[in-house]
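A short worksheet on the structure shown next.
A short reminder: the numbers here are calculations on the coordinates, not readings from a lab. From a predicted model like this one, the values you see are computed outputs, not experimental measurements. Cβ coordinates were reconstructed from backbone atoms using ideal geometry, including for glycine residues, and neighbour counts include every protein chain displayed.
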Amino acid sequence: MPGQSAVRKQLATLPSTEQVLSWGRYPQLAPSYVHKPAWNDEVPEILKGAAPGALLPLGLGRSYGDSCLNGGRELIDCRRLNRILGFDESTGVLRCESGVSLADILDVFLPKGWFLPVTPGTSFVTVGGAIANDVHGKNHHCAGTFGDHVRQIALHRSNDGMVICGSEVNPDMLRATIGGLGLTGVIAWADVQLKRVAGPWIDAELVPFHTLHSFLDLSHESDGRFEYTVAWLDCFAGKNPRGIFFRGNHAADRGKPFRLKRGPKLPFALPAWMLNRFTVRAFNTAYYRFNEFKKGPAVVSYQPFFYPLDSIRQWNLLYGRQGFLQYQCVIPEAKLDAFEELLDRIAHSGMGSFLGVLKQFGSAPPAGMLSFPRPGLTIALDFAMRGERTLQLMQSLDEVVQKSGGAIYPAKDARMSPAMFEASFPRWRSFVPYIDPKMSSSFWRRVTGAQD
Ligand SMILES: Cc1cc2nc3c(=O)[nH]c(=O)nc-3n(C[C@H](O)[C@H](O)[C@H](O)COP(=O)(O)OP(=O)(O)OC[C@H]3O[C@@H](n4cnc5c(N)ncnc54)[C@H](O)[C@@H]3O)c2cc1C
């Protein structure tokens, strides 16, 4: 009878033929092989057996473009490394494997009065993915990024074995791994600082606005009073967009039972013709009117407040077979004219999307070497993939961002040029020495020209 570890090894090396797509379903770059370790002690063998530049860790594939893809090479699917290893009640520090999802953490710890320190707009991301993209949330202005709350990690490196990184030991490797796009090694586990909350409820408020300046006034005025701020924007409105400003704080416990709602699932990709400038414009108008009607304060559960899209599983199929791209950039606030120009180009293109999200980043120093957030206005917009026309629009938006001294977010990108990457992350070369020689990604090869 083979021993337990031999069986585990056999399972881990079974060929996997499944399709691996990122959230935008564009580009489609099939890996040559997907390793699926169930235990952290299987990872060193995988690293040892790989060629230089052959590997990339994969989380839940919620990155939109190619930063979680490794076309023609291998992926290490980390989703089965999903064990909670310990929790210190007195400090709120959670130790968990890197494949644990933020949804898992909320399921276990919210009933005990603990919440995530920072969360992106979906709970279906892993701790490894949240660290590797140094994700941000609605509280960036007061809490920084996810990486700001990571106290320690253990990293599998192909040449150094398991490396512990924290503020006292290997702090530079920690700074490289936060926002390091999975290139510094495989995160085995992480210590994440959770925060105390009274319960699952949020004191929320919806405020309609009609110009970019009124958005900014609302944002400045709310920053000191509200932990969470973000806005939805009607991207058909041009320079002076209307939108809805969402703000909120954790509420006192209401003593009301709370039931997690899981919504329907989109069963297949919708036909591309269903999404056109008329249907999207109509959606934007209806969404604005609906929320304008609901304006004012309300107590809501954390789910619709933080994760409105998580209630429709596979909503990315809405954009059809060709998939979609998300454009997320940040522009310094002093360059408001550039931001207006960007909105104007989007409105004129007629290709705008349902989900224009606008947020003012705070001034916290970056937690990682390649962290995206920096002071300024960030906007995220989805565009259905319509070939050259879509790519040209994005290229023209890049020109505006580059001129303003802004940056593009790698977690959302599928097509920025090496020059745009250089402009967004001018110090990327100082990150290169921290890359694990066995790691590479389609994104990294595309934006830096690296072969391995
Ligand atoms: C609806 C939606 C809303 C979103 N909202 C936001 C938002 O508000 N803010 C924001 O910042 N992002 C947001 N995102 C993007 C998302 O948070 C990031 O792309 C996140 O990194 C995805 O995590 P994942 O587990 O799916 O990782 P993947 O997408 O699979 O991988 C992301 C990166 O993590 C690396 N990685 C994964 N596991 C490990 C590991 N164990 N060790 C080392 N590296 C690893 C991969 O190599 C890759 O480089 C959103 C995405 C969606 C779909």
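Volume per residue of the convex hull around the Cα atoms, evaluated for the chain, comes out as 149 Å³.
Global dimensions of segment 165-228 from alpha-carbon coordinates: Rg and Dmax equal 19.0, 50 Å.
In units of the rule-of-thumb radius 2.2 N^0.38 Å, segment 84-197 shows an alpha carbon radius of gyration of 0.99. The modelled label-to-label distance between Arg254 and Trp428, using points 7 Å beyond Cα along the C-beta direction, is 4.6 nm. Taking 17 Å as the straight-line reach from the Cα of Lys403, the aspartates and glutamates in range (excluding those fewer than 8 positions away in the same chain) are Glu333, Asp337, Glu340, Glu341, Asp344, Glu422.
Applying the criteria of a DSSP loop state and at most 16 other Cβ atoms within 10 Å to the GluC sites (Glu not before Pro) of segment 17-54 yields Glu18. Distance between the modelled labels on Lys48 and Ser90, one decimal in nanometres: 4.0 nm (7 Å Cα→Cβ projection).
As a length-normalised measure over Cα pairs under 8 Å and 6 or more apart, the relative contact order of the chain settles at 19 percent.
Legend: calculated FRET efficiency, Tyr33 to Gln451, from the Cβ-Cβ distance at R0 = 25 Å, rounded to 0.05, equals 0.85. Shape analysis of segment 281-374 yields a ratio of the Cα radius of gyration to the Kirkwood radius, Rg/Rh, of 0.99. P(r) tail for segment 359-412, what percent of Cα pairs lie past 12 Å? When every Cα pair of segment 359-412 is considered, 72 percent fall beyond 12 Å. Using 19 Å as the cut-off for backbone N distance, which residues of segment 298-331 belong to the label zone defined by a point 7 Å from the Cα of Glu205 along Cα→Cβ? Inside the label zone: 298-302, 305-306. If the limit is 30 Å between Cα atoms, which of Lys239/Lys295; Lys36/Lys112; Lys138/Lys295; Lys48/Lys195 go over it? As for pairs spanning more than 30 Å Cα to Cα, those are Lys36/Lys112; Lys48/Lys195. Length gained on full extension, Met162 to Ser396: 79.8 nm, using 0.36 nm per residue less the C-alpha separation.
Scalar couplings 3J(HN,Hα) for segment 78-83, obtained by applying the Karplus form with A = 6.51, B = -1.76, C = 1.60 to θ = phi - 60°, are 9, 5, 7, 8, 10, 9 Hz; x denotes Gly and Pro. Couplings 3J(HN,Hα) of segment 425-442, computed from phi: 10, x, 9, 4, 5, 6, 7, 4, x, 8, 5, 6, x, 8, 9, 6, 8, 4 Hz, in residue order, whole Hz [Karplus 6.51 cos²θ - 1.76 cosθ + 1.60, θ = phi - 60°; x for Gly and Pro].
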